[in-house]
Every structure is written in structure tokens, then in C-alpha cells.
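Q: Dropping the structure in here first, questions after.
The values are calculated or read from the model by the stated rules, or taken from the named source; none is laboratory data. Fair warning: this is a prediction, and the values are worked out from it, not measured in the lab. Backbone-built Cβ (ideal geometry, glycine too); neighbour counts: all protein chains shown. Accessible surface areas use protein heavy atoms only, side chains included; no ligands, DNA or RNA. Shrake-Rupley method; radii C 1.70, N 1.55, O 1.52, S 1.80 Å.
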Amino acid sequence: MNHQSTPEITELILKAAEKARRETSSTPEPELVKPLTWPVQCTVGPGLEGAISCETKIGYVNGSKGWLIYRGYDIFDLCAYSTFEEVSYLLLHGNLPTGEQLDRFNKKLISYRSLPKTLRKMISFPLEEMSTMAALRIGTMMMRQAQTFLDKEAARPDPVDATDTDADSIPMETKPLGEKRAIYEFKNNRKKRPKQVTADIISAQELESAYHLISGMGTLVGAISRLRVGKMPTEPDPELSHAGNLLYMMTGKRPTPVEERIMDVSLILHADHGMNASTFASMVVASTLSDVYFSVGAGIAALNGPLHGGANEQVLYQLESIGNPENVKQWYANARENKTKIMGFGHRVYKAYDPRARVLGPLAEYLGQHNRNAKRLCKVAKTLEKEVVSSLGQSKGIFPNVDFFSGLVYSAMGIPAPLYTPMFAASRVSGWTARIMEYLKNNRIFRPRAIYTGDFDRPYVPVEKRKK
Ligand code: SDX
């Protein structure tokens, strides 16, 4: 799949880019792009707001202008001309791949897309009752099981090497007699232990894990989509792109070129976004030298929170509850009255229009042309957007964010709402793994401080003497 096959979508994206260039600019914020000399002074609010955690060359979110850059490329250009595969390579390796590099990378993704062992284990879980994000997290840990040298036989200490440190201690294989737990030490025959792997072997292992997860998480989302409704997972089709396979494995139907392209653009838009909560969470875990699978698991866990992921699902319910454009004014007045957060609006960094919403909005309207319900919801969305932008936009810099239109796009393509955040994760895993690998090159375990405002010198009182 490439952009030439759907020129009408490229046209929409280039128009959105033109509008953005008319209404704002991509001039970077000087204080956020100049190289650092540590230690740095910065004003930090609660939740590390404003804190500088590291330097990066991977992506830049221009909050004041509403602009997004991946490795120096403008997000509008990447959506108009690139693919999720190219963008994942770019985030990980720093450059857009040559034809040969892209071919090799694609072959790697295809080889990692089938997850027979992992899916066999997934089928044993009651997915129809589980949160789709919990299922995704389990799936990534099953992938780790199948893949890491850390758990390979060769790397695992060999219990037969266990020597009795005293009469009661026995190797783990049989039930310990006497001892509450088996106490064992391993002989000093280091040759059985994994040899001290060098940094470049570890980073090669991390890169393989990154490829494995970028490819496999799409398969996991597809399988979860099918298993949760009692259907068997669909085997990926090597002829389809990553985006095409994601749709195919979720729905069991081959996507149209337009559906495949729109999914690809959405994956590009969600791939990286600065030091958001899930990226930061994955980096914190990686900074302890845990492995990429555990780190991505932390990212999935963070994205599960409604302040970070899932707003696109809430937006749909919000638009459905408004029902039609005529109800927007009253609904919005009530929301303001009750200080309810309007789902799909506001952002910790963007105090301008989220560039991702600039692309997804027109795509939602395009899909609405062929889908009556989507058309109705788009009309409600555009009316609500006008209300919010003309009030909170001016007063508090609250504008539509990526989630305001992404749910409309997905629902117009017949994708069930519980899969929206797993799809977000299946895209963001490219940004998570790229940033993990970049940070590990100059690793320093994350360890911020807290201000203690508790008591001192409290005398210990035995429990029998304590009063309520
Ligand atoms: C994502 O970090 C990332 O990059 C995240 C993300 C990514 O790609 O990883 O971009 C993805 O998380 C998008 C955001 C999706 N979430 C939502 O749409 C949920 C609704 N949005 C809000 O919860 C909120 O805007 C946040 C959490 C996204 C950001 O909130 P902040 O920066 O912490 O803002 P705040 O809560 O401190 O609010 C500041 C003021 C408050 O008013 P006052 O108390 O000053 O009077 O703005 C108001 C808030 O009440 N406000 C809103 C609002 N968001 C903020 N008022 C109404 N509706 C909203 N959506």
C-alpha cells in the first residue's frame, strides 16, 4: 500500500497541512529545542509538569503552535506520503529507510507477525470478560515468554547445579522437606550461566524485541478483537501492510484501499508524542535495565488510565448522548455549569489545535459521506468543536485533541470501541521502544524526589497502649 493508491486521502491531508500553516506556524519553541548542559534549571509543577527528563532526537511536540515533528519530519508530510512501517523505522533508527532497508524491515515484521505460541495461550484466557487492555498486556508478556534469551533454557540457571548448603536444602524440583522453602546455591561453574553479554548484544536483543512487539502487538489486537466475541484469530496475510493486517485480523474482512490507508495514517499519528505518561512509564521501567517487554507492559498500563487513553471511546458516547447538533448548545452549557471535562478536548502540552486532530477531522468527515450515522455524529462533533473553541479555546487554550475525531474514524470503519485504546498502544509501541533504546544509550535510572511534609520524632507506642 502507498499513498498513490488513495490520492483523495493524500489531498485531504495536504489541505489540512495548508490550513495549519495558515493558522499557525512550525517555528520551534527556542527554550525546548536548545541542547542541554546538565544539571538544568526548570520550573516543575505537580506531576513533574514542566520537568525536563532527558534530551531526545526522536520527536518534538510544539505545544504553543500545535505542531508535531518525528525525527525532523513534519507529521503532515509523513501522513501524506509515508507509511507506519517507514515511520516506525524512522523513529527507531533516525532516518527514513532506503528501499533495501525497508524491504528488510518489512520481512522482519512479517516474520514476527504470526504468534502461534502466544495466541494458543491467549485462547485459554476468558477474554470475553476481560478488559481489552488487560488482555493486551498479558499478550505482550506471553510474547516475552516466547522470545527472550533471558528465559531461554541456556540462560536459566540449571537447578541440577544446586548444591545443598545444608542437609535440609534441596533442589527446587522436589518438595522441600523440613525447610519452609528450598534454600539453594549454585556451584561456581559460571560456564553454565549466560556469558557476560556485551552492551551491543543487549541492544541488538532490545532491537529484536522492539521489532517483535511492533509487529506482534497488531496481531494481538486482532486476536483480542476476535476472541472477545468468540471467534478464532485470523492468520495475518503477508500481502497486506501492517495497517491492512491490523484491520483484517480485527474484522476478518480484507480492508478496502481507503480503509487501509486511513488506518495507516492513524497509526502514524499515534506513533510518538513526546514525554507522555505511557512513554515516560515505559522509560522509567527500562531505566532499571528491565527488558523491553516489561517496559512496554508499563506503557500499556499507563495508557489504560482514562486521563491518557480511552478518551476517544468516551467522545463517541458523549456525541451519542448529545444526539444531534441542535442539542449541543444546551448540553455544553450544562457541562460548563457542572465543570464536566469535555472528552476529546484539552491537553497538557497543546494549548493550540492538536495537529493530529487537524488530520483526523477531515478523515472522519470523508468517511461520514458514506455512512449515515458517522455523518450525524460528525455534525454534532463540528458543532461542539465550534462551541468549545470559541469559549474555552480562547480563555484556556482548550482545543480538540487526537481523541476527539479518532473514535469517529474507527466507528465509521465498524471497529468496536473497546479496541480503540489497544490500537493506540499498537501504534505507540513504536515511540515507546524508540525512546527506550535512545535513553538506554545514556541510561540513568529515573529517581525523582518527593518533599516530605510529614511528622518527625513520634514516640513508638506498643499496640496494647494505642488509643483510637
Ligand atoms: C492524550 O500527553 C500526551 O501527549 C497525551 C496524548 C498522547 O498522544 O500520548 O496526547 C494522548 O492523552 C490526549 C488527551 C485525551 N484525554 C481527554 O481528552 C480527556 C479530557 N481532557 C482532560 O482530562 C485534560 O485536558 C487533560 C488530562 C488531557 C490535560 O489536562 P491538564 O493539562 O492536566 O489540564 P488541567 O486538568 O490542569 O486543567 C486546566 C484547566 C482546568 O480548569 P480550572 O481548574 O483552571 O478552572 O482546564 C480545564 C480544567 O478544568 N480543562 C478542561 C478540560 N481539560 C482541561 N475543561 C473542560 N474540558 C476539558 N477537556
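Q: Consider Arg336 against the criteria (1) more than 12 Å from the ligand (Cβ to nearest atom); (2) assigned by TED's automatic domain parsing to the domain that holds Gln394; (3) surrounded by fewer than 19 Cβ atoms within 10 Å (Cβ to Cβ): it satisfies all of them except one. Which criterion is unmet?
A: The one condition Arg336 does not meet is (1).
Q: Here's a follow-up. Return yes when Glu49 is within 16 Å of the ligand (Cβ to nearest atom) and surrounded by fewer than 13 Cβ atoms within 10 Å (Cβ to Cβ) and no when it is not.
A: yes
Q: While we're on this one: Find the helices (runs of 4 or more DSSP H) located wholly in region 22-114 whose residues include 2 or more that are of a type in the set (S, T, N, Q), and list them.
A: Fully inside region 22-114 and qualifying: 99-113.
Q: Moving on to the next point. Would you please name the residue that is nearest to Gln330 (Cα to Cα), looking only at residues in region 383-413 that are in a helix (DSSP H, G or I) and within 8 Å of the ligand (Cβ to nearest atom)?
A: Of the residues in region 383-413, the ones in a helix (DSSP H, G or I) are 383-396, 402-412.
From the residues that got through so far, the ones that are within 8 Å of the ligand (Cβ to nearest atom) too are 388, 392, 396, 402-404.
On the way: Val388: 13, Leu392: 16, Lys396: 21, Val402: 25, Asp403: 23, Phe404: 20 Å.
Taking the candidates together, the pick is Val388.
Q: Among the listed residues Gly344, Gly310, which satisfies the condition of being modelled with pLDDT under 95 and within 13 Å of the ligand (Cβ to nearest atom)?
A: Of the residues listed, the single one that is modelled with pLDDT under 95 and within 13 Å of the ligand (Cβ to nearest atom) is Gly310.
Q: Moving to a separate point now. Any residue at all in region 365-376 that's part of a helix (DSSP H, G or I) and surrounded by 24 or more Cβ atoms within 10 Å (Cβ to Cβ)?
A: Among the residues of region 365-376, not one is part of a helix (DSSP H, G or I) and surrounded by 24 or more Cβ atoms within 10 Å (Cβ to Cβ), which makes the answer no.
Q: Related question: From (1) away from the ligand (no atom under 16 Å from the Cβ); (2) in contact with a strand residue (DSSP E or B) (Cβ under 8 Å, 6 or more places away or on another chain), pick out the condition that doesn't hold for Gly222.
A: Looking at each condition in turn, Gly222 falls short on (2).
Q: A follow-up question, please. For a quick check of your reading of the model, give me the residue pairs whose first member lies in region 328-341 and is in a helix (DSSP H, G or I), whose second is open to solvent by 60 Å² or more (accessible area, probe 1.4 Å), with beta-carbon atoms closer than 9 Å and at least 6 apart or on different chains.
A: Val328/Lys386; Trp331/Ser321; Asn334/Thr340; Ala335/Lys341
Q: Something else: Answer yes or no as to whether Ile451 is closer than 27 Å to Arg137 by Cβ, of a type outside the set (Asp, Glu) and not assigned by TED's automatic domain parsing to the domain that holds Leu316.
A: no
Q: So, one more: Scan (1) within 16 Å of the ligand (Cβ to nearest atom); (2) aromatic (Phe, Trp, Tyr); (3) open to solvent by less than 30 Å² (accessible area, probe 1.4 Å) for the single condition Tyr317 breaks and write down its number.
A: It fails just one condition, (3).
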